[in-house]
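Down below is the structure, laid out as structure tokens.
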Amino acid sequence: MDYLNKNISINLKTIRREKGMSMDEVAEQTGVSKSMLGQIERGEANPTIGTLGKIVSGLRVDLSDLTRTPGIGVYEVNRQKLIPSKEVPGHYAVYTYFPYEKNRLFEIYEIEIEPGACYVSGAHGQGTNEYIVVHVGELTLEIDNSFYQIKKEDAICFGTAMKHTYWNKGSELLKFITVFVFKQ
């Protein structure tokens, strides 16, 4: 399940419970079947925009109330259920753990790069810092024609105001976690 479907799943259940409504009552108010609502709440369905429109209208909430990161104590991300948010098969894949949101000052991604491949990233703006921790392989990071070698279990931090490239010059798959921290 991707992060947006997970948000909708958690938020729909929370909204329904806060309103003291049963699944039958929500189905009646929204025109969305009880079975579909159950699938959405369990994260088993990918609701269409039309279905979401019925839900927000029937529950009298904003679409953003369903899609925002839930305001809960625990938000678990199962890596096995993530699908790449960016991908070039045979070259790289980017997995989004925690995406940009206006009320959050960071983003977290995992990037996988195949041997001999690279991933070019544009500038992320003034005041943005990127933190990388390599957990498989060795990263060659190119920033403004300078190269940095980051080995397994090592880390690097840099300002992202300019284009940079992640290279896998090794013979095994490269995997690293990257965190973007934005200036307030």
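Full extension of the chain segment joining ARG60 with ALA123 gains 18.7 nm, where the gain is 0.36 nm per residue of separation less the Cα-Cα distance. Surface analysis of the stretch 68-169 yields an accessible area of 58 Å² per residue, using protein heavy atoms and a 1.4 Å probe.
Filter LYS19/LYS102; LYS6/LYS34; LYS19/LYS81; LYS6/LYS86 down to the pairs with a C-alpha to C-alpha distance above 23 Å, please.
LYS19/LYS102; LYS19/LYS81
Among (1) 13.4; (2) 12.0; (3) 10.9, which one is mean projected area of the Cα convex hull in nm² computed from these coordinates? Of the labelled values, this structure produces (2). Within the stretch 1-55, list the GluC sites (Glu not before Pro) lying in a DSSP loop whose Cβ has at most 12 other Cβ atoms in a 10 Å radius. Filter output for the stretch 1-55: GLU44. A straight Cα-to-Cα reach below 19 Å connects LYS163 with the aspartates and glutamates GLU87, GLU107, GLU110, GLU112, GLU130, GLU142, ASP144, residues fewer than 8 places away in its own chain not being considered. First compute the accessible area of the chain with a 1.4 Å probe, then give the percent of it belonging to carbon and sulfur atoms. Taking all protein chains in place, the chain shows 50 percent carbon and sulfur surface.
Against the chain, whose longest principal axis is taken from its Cα atoms, helix 49-59 shows a tilt of about 50°. Extension gain, THR69 to LEU173: 0.36 nm times the residue separation minus the Cα-Cα distance gives 34.3 nm. Give the cross-link partners of LYS152 among the lysines, using a straight C-alpha distance below 18 Å as the criterion and excluding same-chain residues fewer than 8 apart. Counting by Cα, and skipping residues close in sequence, LYS152 has these lysines nearby: LYS169, LYS175.
Spacing of the modelled spin labels on ILE49 and PHE106, each 7 Å from Cα toward Cβ, amounts to 3.3 nm.
By the gyration tensor of its Cα atoms, with a ≥ b ≥ c the square roots of the eigenvalues, what is the shape of the stretch 142-184: rounded for a/c under 1.5, prolate for a/b over b/c, or oblate? Oblate shape, in that a/c is at least 1.5 and b/c is the bigger or equal ratio.
The values are calculated or read from the model by the stated rules, or taken from the named source; none is laboratory data. What you see is a predicted model, and the numbers here were worked out from it, not measured in a lab. Glycine gets a Cβ as well: all are built from the backbone with ideal geometry, and neighbour counts include every protein chain shown. These area figures cover heavy atoms from the full protein model, side chains too; ligands, DNA and RNA do not enter into them. Shrake-Rupley method; radii C 1.70, N 1.55, O 1.52, S 1.80 Å.
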